[in-house]
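Have a look at the structure below before the remarks.
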Amino acid sequence: MSHRRRFLNVVTARDFAGEYSLRRVDLHSHQNNLFYPTAAAAAHASAAANDSMKTMVWWMQAPTRSMLFLGRSFDWLALSESKLVCMDRSSRDGFLYDADVRSVTDTLPYYLHAEEDRHPKPICLPVAGAGAEEEDSVYVMERSPEPAGDTEESRLQFRALVHRRRKEPAAVSNDDGSSRWHLDELPPPPYVVDAGYRSTWIDSYTVIRSGASGAVCVSTEGIGTYCFDTVSRAWSKAGDWALPFSGKVEHVPELGVLVGFWASECGHRLCASGDLSSAAGSLHRPMLRGWLNLGPPCGEWHKVKAPQLVSLGSGKFCLAEFFKASKGSHDHPFHEATFAVFTGVEVLRHGRGGDGYGDELPENGASERGLRVIKHKSKRYILVDYNATVEFVF
């Protein structure tokens, strides 16, 4: 039950003190492992928990702090397992932190303009380069694009923070020839120029990667799904339909699937569907082929924020949920303690479980093979500091 990533990075905040701490959880250790040896073992454990109407939750060993950041308000973006883009909204400074070497390795231009500090947080999609010669990038787009116009706000709705290596030799460029970050202005999605268009919230978004190329995709009910090719820097329309997700969606290229949350009045559900290749040019959007209802831990609790999803590679994920347990909870030793529950989740296509596990879901008239979303172990990450909260998991 291997996965590519070893570390899960957890950023905690003490807002009143302006302190942000980074801790790295070793998922390969026995104490912190989130996965059973096989998908079949995970399914059997999940069925037993369903029969008892309880979610089995183990304790997770909290690691020591790897780094302390000081600032009033940060935006965090994971460029990779170890690279963290940090934007300090108070000082308007940006930097790149490498958790492997525990050091700030580069400074970045601030990618937000002043008005955005008062607007809903924009969509930010980091795209890590696949090799030493490829560029790292962060694509930033307004969550509610404005109609096209002549104002600066309407022109600066889509930008790319791009990591480029200087082509000039050091003797010509008067520096060491190292990489530099630049802000590029990009064209907004084409529907903003349509007659009668009004500012509309983007429902879901993702990065689709295929080989050396990639596409930033945004999807809105009633408008459709559009993709921006990061190589040609041109937009195309995938379809008039919207993806069946809410918020950020993860692409699993080796399985050809999308994984993300579907939000409803009853809460969030983790879902999987075919990727855009299964629906491009079709009149119908990708259909949900597998899902997982998010069961709560035992005790007196309430959710404090929306769940987060971290891709671990090989179709495996860490699902992070955030709670506060009140005094009097029979299974919790801390008063008004905030905690997170990390759950290992695996997405499988029928027949790819390695152990024969994975019943095919109903096809509903489609030719695509079924998907299974398998829940593995859940572990509780306790914050003993009552004033701290989990800010970001990557």
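The values are calculated or read from the model by the stated rules, or taken from the named source; none is laboratory data. Worth saying up front: this structure is predicted, and the values here are computed from it rather than measured. Backbone-built Cβ (ideal geometry, glycine too); neighbour counts: all protein chains shown. Remember, those area values only see protein heavy atoms, side chains included, never the ligands or the DNA or RNA. Shrake-Rupley method; radii C 1.70, N 1.55, O 1.52, S 1.80 Å.
Of the conditions (1) under 19 Å from the mean Cα position of the chain (by Cα); (2) at pLDDT below 95, V249 fails just one. Which one is it?
Among (1) under 19 Å from the mean Cα position of the chain (by Cα); (2) at pLDDT below 95, V249 violates only (2).
For residues that are surrounded by 13 or more Cβ atoms within 10 Å (Cβ to Cβ) and out of contact with any strand residue (DSSP E or B) (no Cβ under 6 Å at 6 or more places or on another chain), tally how many sit in the stretch 101-111.
So the count comes out to 0.
In the stretch 227-274, which residue that is among the polar types (S, T, N, Q) and more than 9 Å from S204 (Cα to Cα) is surrounded by the most Cβ atoms within 10 Å (Cβ to Cβ)?
Restricting attention to the stretch 227-274, the residues satisfying the condition of being among the polar types (S, T, N, Q) are 230, 232, 236, 246, 264, 273.
Still in the running and more than 9 Å from S204 (Cα to Cα): 230, 232, 236, 264, 273.
Working: T230: 23, S232: 10, S236: 14, S264: 9, S273: 25.
Top of the filtered list is S273.
If a residue has to be open to solvent by less than 30 Å² (accessible area, probe 1.4 Å) and more than 22 Å from the chain's Cα centre (by Cα) to count, how many in the stretch 54-99 make the cut?
Number of matching residues: 2.
Sort out which residues of the stretch 254-274 are modelled with pLDDT of 75 or more and polar (S, T, N, Q), and write them in order of number. Walk me through it before giving the result.
At the first step, the residues of the stretch 254-274 found to be modelled with pLDDT of 75 or more are 254-262, 268-274.
S273 - this is the single residue of the stretch 254-274 that is modelled with pLDDT of 75 or more and polar (S, T, N, Q).
Within the stretch 203-214, which residues are touching a residue at least 24 places away in the same chain (Cβ under 8 Å) and more than 16 Å from the chain's Cα centre (by Cα)?
Going through the stretch 203-214, the residues touching a residue at least 24 places away in the same chain (Cβ under 8 Å) turn out to be 203-210, 212, 214.
Residues satisfying the conditions are S210, A212, G214.
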